[in-house]
Structure formats: structure tokens, C-alpha cells
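Shown next, in C-alpha cells, is the structure this report addresses.
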Amino acid sequence: MAARTGAITATGITLAISATLPATHDAAGFGATTTTYTAVGEIANMGEHGSTAAVGTHTPVGTGIIVKLKGPIDNGTKSLEMASYPTDAGQVILTAAMASTALYAIKVTYPDNAIHYFTAIVSKNTYRDGAAGDTLSRMVDLAISGAIIEVAAA
């Protein structure tokens, strides 16, 4: 499949998790057959992820005009909303990851087969009960550590 040339919908995006970290933090490492990913089921909202730069400032007394400097990059936190499904294998791993300080490998696959890989800690795992008729939900945050590796659709 060719690289994305237009807009697509989020329908069909999947997210999978692995306790096995890649040998190298690149497409080959994350895609190696030694890393087995488990799909996380019932995700209703994939949230967002990506880079945000810190902005430092410097104000020379001679001009009084603030100079802005690009600082460190933070790849943020991906906040997921999903139906609470305690026997889903991926959700079981997320629960274990919340109790752990370890990094986990994450694979986000898009409908056109493009992939984003990254490592993250699970920094939030809460339950939303809601009102009558609402789906019992889980809110999970994946705090991204390191670079996001983007692989274009082949």
C-alpha cells in the first residue's frame, strides 16, 4: 500500500502492547519477530500522541524583547478510553503495567497499515462508572518515553 496521500478516519486503528522491549529503538527493533504484541480490545478513543517542545526564554536588557529558544522534546502521554473488559488479554497487560515501573513497547497500527512504535509506562489506570446506561469504562494513560518511530504504509 502506498504512503498516505489524504485524510482517513480513525476507524480500524489498533493498539497493541508488549512487555518485551525491542533490542534497538528503531523500526527494525520494534518490528522484530522476537517482540510479540497483544492487542488491547474495546478502545473507543485512541487519544493523541506526538512531540511538544519546551520553550525557554531569554530577555536581553538592551532590547527588552523576549527571545524564545526551542528546548527539549516531550513526546507526551497517550490517553486511551476503553470499555472495561477485565478478561481482554491486552487490558490484563495494561493492569500489570500500572503496577510496574517498567517500560512497555507500544504498536499503533493505522487503517492504511502505517505504524507508530514507542515505549511507555502506564501512568494512569482509572475506572469510570458513569450514569445509568453508560458503558463501564477504563481510562489509561501511556506516558511516552523516548522517540516515536513512524513507519509509513508499504
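The values are calculated or read from the model by the stated rules, or taken from the named source; none is laboratory data. Just so it is clear, the structure is predicted and the values come from calculations on it, not from any experiment. A quick note on method: Cβ atoms are made from the backbone with ideal geometry, for glycine too, and the neighbour counts reach across all protein chains shown.
Evaluate the stretch 122-134: report whether one residue or more is in contact (Cβ under 8 Å) with a residue 24 or more places away in the chain, within 17 Å of Val40 (Cα to Cα) and within 12 Å of the chain's Cα centre (by Cα).
Among the residues of the stretch 122-134, at least one is in contact (Cβ under 8 Å) with a residue 24 or more places away in the chain, within 17 Å of Val40 (Cα to Cα) and within 12 Å of the chain's Cα centre (by Cα), which makes the answer yes.
Hey, Ala10 hits all of (1) surrounded by 11 or more Cβ atoms within 10 Å (Cβ to Cβ); (2) touching a residue at least 24 places away in the same chain (Cβ under 8 Å) but one; which does it fall short on?
For Ala10, the exception is condition (1).
Yes or no, residue by residue, for (1) touching a helix residue (DSSP H, G or I) at 6+ places or on another chain (Cβ under 7 Å); (2) of a type outside the set (D, E, K, R); (3) surrounded by 14 or more Cβ atoms within 10 Å (Cβ to Cβ); (4) modelled with pLDDT under 95:
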site	(1), (2), (3), (4)
Val92	no, yes, yes, no
Met98	no, yes, yes, no
Ala102	no, yes, no, no
Ile115	no, yes, yes, no
Thr126	no, yes, no, no
Ala154	no, yes, no, yes
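Note down all Cβ pairs under 8 Å where the first residue falls in the stretch 26-49 and is part of a loop (DSSP other than H, G, I, E, B), the second is among the acidic types (Asp, Glu), and they're at least six residues apart or on different chains.
Partner pairs satisfying both residue conditions: Val40/Asp88; Gly41/Asp88; Glu42/Asp88; Gly47/Glu81.
I'd like to check which strands (runs of 3 or more DSSP E) are fully inside the stretch 53-116 and have at least 3 residues that are farther than 27 Å from Ile8 by Cβ and without any contact (Cβ under 8 Å) to a residue 24 or more places away in the chain.
In the stretch 53-116, the matching strands (runs of 3 or more DSSP E) lie at 67-74.
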